[in-house]
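The values are calculated or read from the model by the stated rules, or taken from the named source; none is laboratory data. Quick caveat: nothing in here was measured; it's all calculated off a predicted structure. Please note: Cβ atoms are built from the backbone with ideal geometry, for glycine as well, and neighbour counts cover all protein chains shown. Quick note on the areas: whole protein, heavy atoms, side chains included, nothing else; ligands and nucleic acids left out. Shrake-Rupley method; radii C 1.70, N 1.55, O 1.52, S 1.80 Å.
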Amino acid sequence: MPSSRLAPPCGPAFGLGLRKPHYQDFLEGAVPVDFVEVIAENFMVPGGRPRDILRRVRRDYPVALHGVSMSIGSADGLRGDYLARLKALIDEVEPFIVSDHLCWTRHNAHNAHDLLPLPYTREALDVVCANVDHAQDVLGRALLIENPSSYIAFAHDEMSEWDFLAEVARRTGCGLLLDVNNIHVSASNHGFSSADYLAAIPFDRVGQIHLAGHTQGKHCLIDTHDRPVPEPVWALLRTALAGAPQAAVMIERDDAIPPLPELLGELDIARAMARGAALEGANPCV
Amino acid sequence: MRLSELQHNFLDWLASADDAVAARLPLAGDGRDGLAIYQNNYRGNLMACLADSFPHTLLWLGEAAFEAAAARHIDRVPPSSWTLDDYALGFPESLIEDYPYEAEVSELARIELALSQAFIAADAEVLKADQMGDVDWDRAMLQTIPALTILPLRSNADDIWIALAHEAPPPNAQWDETERPVLIWRQEWLCKMRRLNGDEAAMLGYLIGSEVPFADLCARAIGRWGEQDGIARIGQYLGQWVADELVRGVER
């Protein structure tokens, strides 16, 4: 790794998403975070200012690349042009994490540009595992796969989402990005227990944890990333940190983006929880 | 239902919002409220992409007319690229169908598209004025930078764009059969636009896409304007192109 770049964080790390309103703060290099997460597709462009900004931010912060368009659940496989561009960005940025979602966004030549839900069937499991294997081969590294939020379920599901996710990790060797807001949203929408979900997660595979806020829609919770992290999500973080105390934690805020100090204040809450979890983990009486 | 069939039906439903297609999806429970969220996301993302990509076209048409044109485009053209930004690529063509007798509408959109493409085009090392004295012009090869395009407009869409960008009253639309070439490029990180005369457009266009020997460019100019005038013109154009950072030079 070039000496001008920071090494990946070791141990618990706390980061924020790199979003336009905060570009200048990060370019000045004084934001107290351990890493930044960027949406990979925003920077998978030939050149220009976006790539320049990422190169400059990378000098001061380790970077996690978070994708939204790999379409790891596509029945017709992954797109070679997408993987080639992602690989080129990885080679340049040298991220310490590369992640995408347990979902599909495309079938044949039609792309939905949304994280669409998979049926949790044995056939879908085979498809996802084959695609994760293929992506990891091309990219030359392990992916972290994130649990999605969802608004529908399928009648022919053969297993739970958490069993599906655990099996993907076991069969492919990929890591997991645990989005505790998504767990809360999906648990509320589908009537399952967040505690059951977390109890089944192989925490030794969890490399990153996402936090976010959501909105109460007319009929269900909607994963909007447009407000502070609510109490039920903080409670899930507390449990998740007990299982994965070394995971990199970050807050996703994609809409109604507040001034940076507000997000840093939320990140301090996560830090305090991690310290608490570490103390509890060190005390055999707890 | 096989995964492939489910994904085909799901996308078919997103594009059509046809209840009969939704009924083919093997949902647990009713599921219609949840499906409506995905439908809303699908159309909302595409609408937002077009509105964000063509802000001045939106201003020129007005919100209602723009949204109607965007909705027709979404009905006609499903997104196919891995990046949502690419959904903007086909919109100017759709506007030609929607506004066949108002050339400025699609041309305004083409200007906005060219500017956004220049913004993210590949970087290049440009030929600087202070390097020109060191170039062996007998062996020099020239090529335009990747972040450059020439639009052959037939309307005054460039004047309309400039007025809208400065929040000034735009001129009335004008168009005729005479081509008005407009150059769009990126200079460092700033996207720029200026009108070209036909002669300069022809010479600069010759350098787009591949490396061209400077000697060939001169031969073209001499063939067009004669030896003395041709060389003088190329010198004048090249000086301007270098000042605008439009060309990269390679010596072989």
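Straightening the chain between A:Ala199 and A:Asp255 buys 17.0 nm, computed as 0.36 nm per residue apart minus the Cα-Cα spacing. The range B:49-115 and the range A:14-82 have Cα centres spaced 28 Å apart.
In the frame of its principal axes, the range A:1-160 has Cα extents of 51, 30, 28 Å, reported largest first. Within the listed set A:Ala142, A:Ala235, A:Ala155, the Gaussian network model of chain A (springs between alpha-carbon atoms below 10 Å) gives the highest mean-square fluctuation for A:Ala155. Would you kindly calculate the translational diffusion coefficient of the protein assembly as shown, applying Stokes-Einstein with the Kirkwood radius from alpha carbon pairs, for 10 °C and a viscosity of 1.306 mPa s, and quote it in µm² s⁻¹ without decimals? Roughly 61 µm²/s, to the nearest whole number. Considering only B:Glu67, B:Glu125, B:Glu107, the Gaussian network model of chain B with Cα springs below 10 Å gives its largest mean-square fluctuation to B:Glu125.
Calculated FRET efficiency, B:Arg139 to A:Asp81, Cβ-Cβ distance, R0 = 45 Å: about 0.80 to the nearest 0.05. Remark: the range A:123-190 projects, on average over all directions, an area of 4.6 nm² (convex hull of Cα atoms). Computed over the alpha-carbon atoms, the range B:12-55 gives an Rg to Rh ratio of 1.11, Rh here being the Kirkwood radius from the mean inverse distance.
Pick from B:Ser106, B:Ser53, B:Ser81: which is most flexible by mean-square fluctuation in a GNM of chain B where alpha carbon atoms under 10 Å apart are linked? Top of the fluctuation ranking is B:Ser81.
The chymotrypsin sites (Phe, Trp or Tyr not before Pro) of the range B:143-212 meeting both criteria, a DSSP state outside H, G, I, E and B (loop) and at most 16 other C-beta atoms within 10 angstrom of the site's C-beta, are B:Trp189, B:Tyr206.
With one equal scatterer per alpha carbon and no solvent term, the Debye-computed log10 I(q)/I(0) for the range A:74-122 at 0.15, 0.24 1/Å reads -0.52, -1.02.
Summing +1 for each Lys or Arg and -1 for each Asp or Glu among the other residues whose beta-carbon sits under 13 angstrom from that of B:Glu97 gives -2. Legend: P(r) of the range B:1-129 from all alpha carbon pair distances, 10 Å bins from 0, whole percents, reading 11, 36, 26, 18, 8, 2, 1. Compactness of chain A was expressed as the Cα radius of gyration divided by 2.2 N^0.38 Å, which yields 0.96. Note on the range A:32-114: Cα convex hull, mean projected area over all directions, 5.9 nm².
Is the shape of the range B:81-134 rounded, prolate or oblate, going by the alpha carbon gyration tensor and its root eigenvalues a ≥ b ≥ c, with a/c under 1.5 for rounded and a/b larger than b/c for prolate? Oblate, since a/c reaches 1.5 and b/c is not below a/b. Between A:Asp126 and A:Ala30, the FRET efficiency from the beta-carbon distance, with R0 = 51 Å, is close to 0.60. For chain B, the residue among B:Gly209, B:Ile120, B:Ala221 whose Cα projects farthest onto the positive side of the dipole built from Cβ charges is B:Gly209. Within the protein assembly as shown, antiparallel bridges make up roughly 50 percent of the DSSP beta bridges whose residues both belong there. Between amide H atoms placed 1.01 Å from N, distances below 5 Å from B:Val247 occur with B:Leu127, B:Ile145, all of them 5 or more places distant or on a separate chain.
Over the C-alpha trace of the range B:1-76, radius of gyration and Dmax come out as 15.2, 47 angstrom.
Where does the range B:112-235 land on the Kirkwood hydrodynamic radius, alpha-carbon pairs, in angstrom? This gives a value of 16.3 Å.
Dividing the Cα radius of gyration of chain B by its Kirkwood radius returns 1.11 for Rg/Rh. Report the one residue of B:Ala23, B:Ala48, B:Ile37 whose Cα lies farthest in the direction of the positive end of the charge dipole of the range B:9-51 (charges on C-beta: Lys and Arg +1, Asp and Glu -1; origin at the Cα centre). Most positive-ward Cα: B:Ala48. Chains B and A together bury roughly 3600 Å² of accessible area, counting both sides, with a 1.4 Å probe on protein heavy atoms only. Considering only beta bridges that DSSP places wholly inside the range A:127-286, some 15 percent are antiparallel. Note on the protein assembly as shown: with charges restricted to the Cβ of Lys and Arg (+1) and Asp and Glu (-1), its dipole about the Cα centre is near 880 debye. Along the range A:72-80 the Karplus relation, 6.51 cos²θ - 1.76 cosθ + 1.60 evaluated at θ = phi - 60°, assigns HN-Hα couplings of 5, x, 5, 5, 9, x, 9, 8, x Hz to successive residues, with x for each Gly and Pro. Computed from backbone phi with θ = phi - 60° and the Karplus coefficients 6.51, -1.76 and 1.60, the 3J(HN,Hα) list for the range B:168-185 is 9, x, x, x, 5, 5, 9, 7, 7, 7, 6, 6, 10, x, 10, 9, 10, 7 Hz; x is used for glycine and proline.
Computed over the protein assembly as shown, the per-residue total of -39500 (n - 2.57) for DSSP H runs of n ≥ 4 gives a 222 nm mean residue ellipticity of -14500 deg cm²/dmol, rounded to 500. Taking Cα atoms only, the orientation of helix B:227-243 departs from the longest principal axis of chain B by about 50 degrees. FRET efficiency for the B:Asp244 to A:Gln216 pair, using the beta carbon distance and R₀ = 51 Å, is estimated at 0.45. Report the percentage of all Cα-Cα pairs in the range B:143-215 whose separation exceeds 17 Å, rounded to a whole percent. Beyond 17 Å sits 52 percent of the P(r) for the range B:143-215.
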